[in-house]
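Chemist: Take a look at the following structure, please.
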Amino acid sequence: MDPYNRYSQLIKPFWSPPAWVFGPVWTFLYVLIAVSFGRVFLMAWRREVSFWVALPFALNLVFNFVFTPIQFGLKNNFLAAIDIFFVFGTLVWAMIAIFPRVRWIAYIQIPYLLWVSFATVLQLTVTYLNR
């Protein structure tokens, strides 16, 4: 089953965006993520920032990329809800960790943070409605 079909079958709140919105939003966010996270990883490789500064960025990528297989592959709303908390938490951690060193990287995460905040509330609502 493709993700759009799975999404259409879930009970969603009235304020849930249509499935087609997610692709363009994530495309935009992945460009921001590639630029900013790439810069952090390059800085870590050059030892301009410590491993501990780069760690939340790496963890965020892992949690972000496993969300879709959990939600649409495993069809497990509860695990997806747990995962989105980790996406949110590692993003906040990453922003705090990089802010004293390279502020533009923290600032460029704001659209991602806003979307993940919305997605967290949406996922929790979908999980509740489909229990």
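The values are calculated or read from the model by the stated rules, or taken from the named source; none is laboratory data. The structure presented is a predicted model; accordingly, all values stated were derived computationally and were not measured. Here the Cβ is made from the backbone with ideal geometry for all residues, glycine too, and neighbour counts use every protein chain on show.
Chemist: Any residue at all in the range 108-122 that's more than 16 Å from the chain's Cα centre (by Cα) and in contact (Cβ under 8 Å) with a residue 40 or more places away in the chain?
Modeler: Within the range 108-122 (the criterion being more than 16 Å from the chain's Cα centre (by Cα) and in contact (Cβ under 8 Å) with a residue 40 or more places away in the chain), the answer is no, since none of the residues qualifies.
Chemist: Now, a different point. Kindly evaluate Y7 against the criterion of being surrounded by 15 or more Cβ atoms within 10 Å (Cβ to Cβ), in a helix (DSSP H, G or I) and modelled with pLDDT under 95.
Modeler: Here the answer is yes, as Y7 does meet what is asked.
Chemist: If you don't mind, there's one more thing I want to ask. Being within 22 Å of N130 (Cβ to Cβ) and either modelled with pLDDT under 95 or out of contact with any Leu (no Cβ under 6 Å at 6 or more places or on another chain) (or both) narrows it down to one of Q109, Q71, so name that one.
Modeler: Of the residues listed, the single one that is within 22 Å of N130 (Cβ to Cβ) and either modelled with pLDDT under 95 or out of contact with any Leu (no Cβ under 6 Å at 6 or more places or on another chain) (or both) is Q71.
Chemist: Identify all residues within the range 10-34 that are surrounded by 13 or more Cβ atoms within 10 Å (Cβ to Cβ), among the β-branched types (V, I, T) and over 23 Å from N77 (Cα atoms); write none if there are none.
Modeler: Answer for the range 10-34, where residues must be surrounded by 13 or more Cβ atoms within 10 Å (Cβ to Cβ), among the β-branched types (V, I, T) and over 23 Å from N77 (Cα atoms): just I33.
Chemist: Considering only the range 35-58, I want to know if a residue exists there that is more than 19 Å from the chain's Cα centre (by Cα), within 20 Å of L122 (Cα to Cα) and modelled with pLDDT of 95 or more.
Modeler: Within the range 35-58, not a single residue is more than 19 Å from the chain's Cα centre (by Cα), within 20 Å of L122 (Cα to Cα) and modelled with pLDDT of 95 or more.
Chemist: Output the qualifying pairs, or none if there are none: Cβ atoms under 6 angstrom, residues six or more apart or on different chains, first residue in the range 57-75 and touching a residue at least 12 places away in the same chain (Cβ under 8 Å) and under 12 Å from L91 (Cβ atoms), second residue buried (at least 16 other Cβ atoms within 10 Å of the Cβ) and aromatic (F, W, Y).
Modeler: Note: pairs meeting the criteria are F57/F37; F63/F86.
Chemist: Hey, could you check the range 27-47 for residues that are touching a residue at least 24 places away in the same chain (Cβ under 8 Å) and either in a loop (DSSP other than H, G, I, E, B) or of a type in the set (F, W, Y) (or both) and say which is nearest to V116 (Cα to Cα)?
Modeler: F28
Chemist: Can you tell me which residues in the range 76-131 are under 17 Å from A34 (Cβ atoms) and in a loop (DSSP other than H, G, I, E, B)?
Modeler: Across the range 76-131, the qualifying residues are V102, I108, Q109.
Chemist: May I ask you to list pairs of residues, at least six apart or on different chains, whose Cβ atoms are under 6 Å apart, with the first in the range 5-19 being of a type outside the set (G, A, S) and the second being not in a helix (DSSP H, G or I)?
Modeler: Hits for this filter: L10/N130; I11/N130.
Chemist: Now a separate question. Against the definition (closer than 21 Å to R131 by Cβ, surrounded by fewer than 18 Cβ atoms within 10 Å (Cβ to Cβ) and not basic (K, R)), how does G38 come out, yes or no?
Modeler: Criteria not met by G38.
Chemist: Can you tell me which residue within the range 53-94, out of those that are among the aromatic types (F, W, Y) and closer than 16 Å to A119 by Cβ, is surrounded by the fewest Cβ atoms within 10 Å (Cβ to Cβ)?
Modeler: Only one residue tops the list, namely F65.
Chemist: Within the range 84-98, can one find any residue that is over 17 Å from Q109 (Cα atoms) and either at pLDDT below 95 or out of contact with any Leu (no Cβ under 9 Å at 6 or more places or on another chain) (or both)?
Modeler: Looking through the range 84-98, none of the residues is over 17 Å from Q109 (Cα atoms) and either at pLDDT below 95 or out of contact with any Leu (no Cβ under 9 Å at 6 or more places or on another chain) (or both).
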